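The values are calculated or read from the model by the stated rules, or taken from the named source; none is laboratory data. These numbers come from a predicted model, not from an experiment. Here the Cβ is made from the backbone with ideal geometry for all residues, glycine too, and neighbour counts use every protein chain on show.
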Amino acid sequence: MRGGIHFANETGYVFQHAINHSERRKSVDTSYLSLQGKVAVVTGGSRGIGRAVALALADAGADVVVGSRKLADLEKVAEEIRAMGRKALAVAMHNREVESIRNFVDTVVKEFGRIDILVNNAATNPGMGLLVDMDEKMYDQIMITNLKGYTILSQLVGKVMQQQKSGNIVNISSVGGVSPDIGLGLYCISKAGIGMLTRAMAKELGDFGVRVNCIAPGVVRTKFSQALWSNEPMMKQELAHTPIKRIAEPEEIGRIALFLASDASAYMTGQILVVDGGGSI
């Protein structure tokens, strides 16, 4: 050794150490990402982030139930999941109607007998405008779908998971729930509520082996947010303060959901992961 540096002619130690290190890297266990034997439920699963999440969970081995209002669109996603060799069930449901949510959960439990993963993703944002100009109808439409729907579904599935003594709930929120945008006030309020729902339920359900976490995406290339990303001046302004100079693809959010739904995040609960390319820092 000279100056603390090993040379290759010193009993071959350096070379052998490198081989051992390489072998250890090859044997790294990634089974913690597996969802084999798990049953996952994804709302808003017919397109965009919901579809990407459903496919990511299925690719990791989960059987997946997708729920949304339009059954025909859900069936297309279910067929993609079945093509992966996984079981899939498409169920029409409306996140604004409590009875529809109850029937949805009952259908899943009757078909699969359990629910291991819930991804709350159904959302609406019917219009933009200042808070002072928003009427009661707009308020109810946004809050019932985005917050009450999440809460009721989490309650019902949470009871199933309590009985199982295990489960993962992943709520899809928005960076708007962390940092509001002008013109999206009601939407941002509803998404901030999802963040607190996440943290409150994480505290309540932790003793039952149930984890609850949240993803807060920035702009994602979906039909839902097309009014934003197709607006060139708006996107130029948005990306000016975003270190990663692009918007997200749905599949990138799907991979984050997989992380939170799997044992890779086994020591995480009550957390809000902002996934916005650094735009909020």
Output the number of residues of region 65-100 satisfying the condition of being acidic (Asp, Glu), without any contact (Cβ under 8 Å) to a residue 24 or more places away in the chain and farther than 18 Å from Gly149 by Cα. 2
Could you tell me whether any residue of region 30-39 is touching a helix residue (DSSP H, G or I) at 6+ places or on another chain (Cβ under 9 Å), part of a loop (DSSP other than H, G, I, E, B) and among the β-branched types (Val, Ile, Thr)? yes
Among the candidates Val170, Val210, residue that is of a type outside the set (Phe, Trp, Tyr), under 28 Å from Gly277 (Cβ atoms) and touching a strand residue (DSSP E or B) at 6+ places or on another chain (Cβ under 6 Å): Val170
Checking Ala248 against (1) buried (at least 18 other Cβ atoms within 10 Å of the Cβ); (2) more than 21 Å from Ile115 (Cα to Cα); (3) in contact with a helix residue (DSSP H, G or I) (Cβ under 7 Å, 6 or more places away or on another chain), which single condition isn't satisfied? (3)
Subset tally (residues that are under 14 Å from the mean Cα position of the chain (by Cα), of a type outside the set (A, V, I, L, M) and either buried (at least 23 other Cβ atoms within 10 Å of the Cβ) or within 21 Å of Val210 (Cβ to Cβ) (or both)) for region 28-60: 5
Residue ranges of helices (runs of 4 or more DSSP H) in region 139-237 with at least 1 members within 20 Å of the chain's Cα centre (by Cα) and buried (at least 18 other Cβ atoms within 10 Å of the Cβ): 149-164, 185-205
Near pairs, Cβ below 6 angstrom, 6+ apart or cross-chain, from region 215-232 (farther than 14 Å from Asp276 by Cα) to any residue that is at pLDDT 70 or above and among the charged types (D, E, K, R): none
